[in-house]
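A quick write-up on the structure given underneath.
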Amino acid sequence: MYQLYQRVAPHPEDFPRLLDKMGEAMSKDFDFTEDVRSLQVPTLIVAADADMAPPSHYAGVFNLLDGGLRDGGWMGEARPKGGHALAILPGLTHYNIFSSPLFAAATLAFLDKQTS
C-alpha cells in the first residue's frame, strides 16, 4: 500500500497521516442504511469475492436498493427499481480489485447501460 501511495500521492511524506485518518474512521460505528436507501441514481455495488467484508454484506447493501429480492424476470422487468446492480468479482481481494480487468469490464458495462 505504501509503495502505491508513494507513486501517486502529491505528498508521499503524509502517508502516516493517511493511516491515522483511516484508523480513526475505522474505529467509529457507522450505519449508512438510510443513505443507501435514498440513492436516486443508478448505483453499481462492486466487491471482490475475498473482500474486506463477506459477499453477503454487499448483497445486503444491494437489498437496500431493491436488489436480489426476487427473480429479475425474463426481460429484466423485475430488476431493482432505479437501475441498481451488484457485481461480486471472482478471484480478487480488497487489495487487487481495482487493477483487475474484471472491475473495468463490469463498471464499463454498467455505465454503458446508463447511456443507452
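Taking the criterion of being in contact with an Asp or Glu (Cβ under 9 Å, 6 or more places away or on another chain) and under 16 Å from PRO55 (Cβ atoms), the residues of region 83-116 that qualify are ILE88, LEU89, PRO90, GLY91, LEU92, THR93, HIS94, ILE97.
Scanning region 53-88 for residues that are in a strand (DSSP E or B) and of a type outside the set (Gly, Ala, Ser) yields LEU86, ILE88. Selection of region 52-72 for residues being open to solvent by less than 30 Å² (accessible area, probe 1.4 Å) and either over 15 Å from the mean Cα position of the chain (by Cα) or among the acidic types (Asp, Glu) (or both) yields only GLY72. Could you grab me the full set of residues in region 1-26 that are open to solvent by 90 Å² or more (accessible area, probe 1.4 Å) and not in a helix (DSSP H, G or I)? Those that are open to solvent by 90 Å² or more (accessible area, probe 1.4 Å) and not in a helix (DSSP H, G or I): MET1, PRO10, HIS11. Of the residues contained in region 30-45, none is found to be at pLDDT 95 or above, surrounded by 14 or more Cβ atoms within 10 Å (Cβ to Cβ) and under 18 Å from MET1 (Cα atoms).
Restricting region 89-108 to residues that are in a strand (DSSP E or B) and open to solvent by less than 60 Å² (accessible area, probe 1.4 Å), the residue that is nearest to ALA59 (Cα to Cα) is LEU89.
The values are calculated or read from the model by the stated rules, or taken from the named source; none is laboratory data. Keep in mind that what you see is a predicted model, and the values were worked out from it rather than measured. Cβ coordinates were reconstructed from backbone atoms using ideal geometry, including for glycine residues, and neighbour counts include every protein chain displayed. Surface areas here come from the heavy atoms of the whole protein model, side chains and all, with no ligands, DNA or RNA. Shrake-Rupley method; radii C 1.70, N 1.55, O 1.52, S 1.80 Å.
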